[in-house]
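Here is the structure we will look at, set down as structure tokens.
Read-outs throughout are calculated quantities, based only on the coordinates presented, and are distinct from any laboratory measurement. From a predicted model like this one, the values you see are computed outputs, not experimental measurements. A quick note on method: Cβ atoms are made from the backbone with ideal geometry, for glycine too, and the neighbour counts reach across all protein chains shown.
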Amino acid sequence: MIPATLRVTLIVAMICYFVIILYFLKQKALNLKYTLLWLVAGLVMGILIIVPELLVIIIRIFGIQDNMNGLFIFAIGFIIMILLSLTSIASRQNRKIRTLTQELAILDKRVRELEHEMGK
């Protein structure tokens, strides 16, 4: 069981977390599709703060004996999922940048050729 003061502190921290995420969204520091990932992460954390017994039930279903080990396993798994998601986003952005760079080089070459033809 989580002590009341710790639970209140965690709830206040979660509220601050959501305010920061929404502030980043408003300032366009994060795109909506990436913000959803962080909002879902916050929602899961919020549910586990409000209903900590849920984590114990899930840990027992997976056959993990110690609550702390289960918490660490799920936290590491969750972090890995976020990292994979962000890596796939970075890879897609890298492909788009490469394609745009190639298209820009082709357009630049065409402009130079047209300028050369007009100069004749």
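Can you pull the percent of Cα pairs in segment 1-50 with separation above 15 Å? Can you show the working numbers first?
Details: 579 of 1225 pairs.
Beyond 15 Å sits 47 percent of the P(r) for segment 1-50.
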request  = Treating each Cα of segment 47-115 as an identical point scatterer and ignoring solvent, apply the Debye formula and state log10 I(q)/I(0) at q = 0.13, 0.16, 0.17, 0.23 Å⁻¹.
outcome  = -0.59, -0.71, -0.75, -0.95
Angstrom value of the Kirkwood radius, inverse mean 1/r, which spans all Cα pairs in segment 38-77 = 10.5
ask   = Under the Karplus relation 6.51 cos²θ - 1.76 cosθ + 1.60, θ = phi - 60°, what is the ordered set of whole-Hz ³J(HN,Hα) values for segment 27-34, x standing for Gly and Pro?
value = 7, 6, 7, 10, 6, 4, 5, 7
ask   = Gain in length, N94 to V12, computed as 0.36 nm per residue apart minus the alpha-carbon separation, to one decimal in nm?
value = 25.8 nm
message = From zero outward in steps of 5 Å, how is the percent of C-alpha pairs of the chain spread across the bins?
response = 2, 9, 12, 14, 14, 11, 9, 6, 5, 4, 4, 3, 3, 2, 2, 1, 0
message = What are the ³J(HN,Hα) couplings of segment 69-85, residue after residue, when phi is run through the Karplus curve with 6.51, -1.76, 1.60 and θ = phi - 60°? Round to Hz, x for glycine and proline.
response = 4, x, 4, 5, 4, 5, 5, 5, x, 5, 5, 5, 4, 5, 4, 4, 4
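Helix-only mean residue ellipticity at 222 nm, the chain, DSSP H runs n ≥ 4 weighted -39,500 (n - 2.57), per residue, nearest 500. What is it? Write down the numbers at each step before the final one.
Values: 4 runs with 105 residues, N = 120.
Calculated at 222 nm, the ellipticity per residue is -31000 deg cm²/dmol.
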remark   = Candidate cut points under chymotrypsin sites (Phe, Trp or Tyr not before Pro) in segment 27-115, DSSP loop plus at most 12 other Cβ atoms within 10 Å of their own Cβ, are F62
query = If you find the alpha carbon centre of segment 97-112 and of segment 11-56, how far apart are they in angstrom?
reply = 40
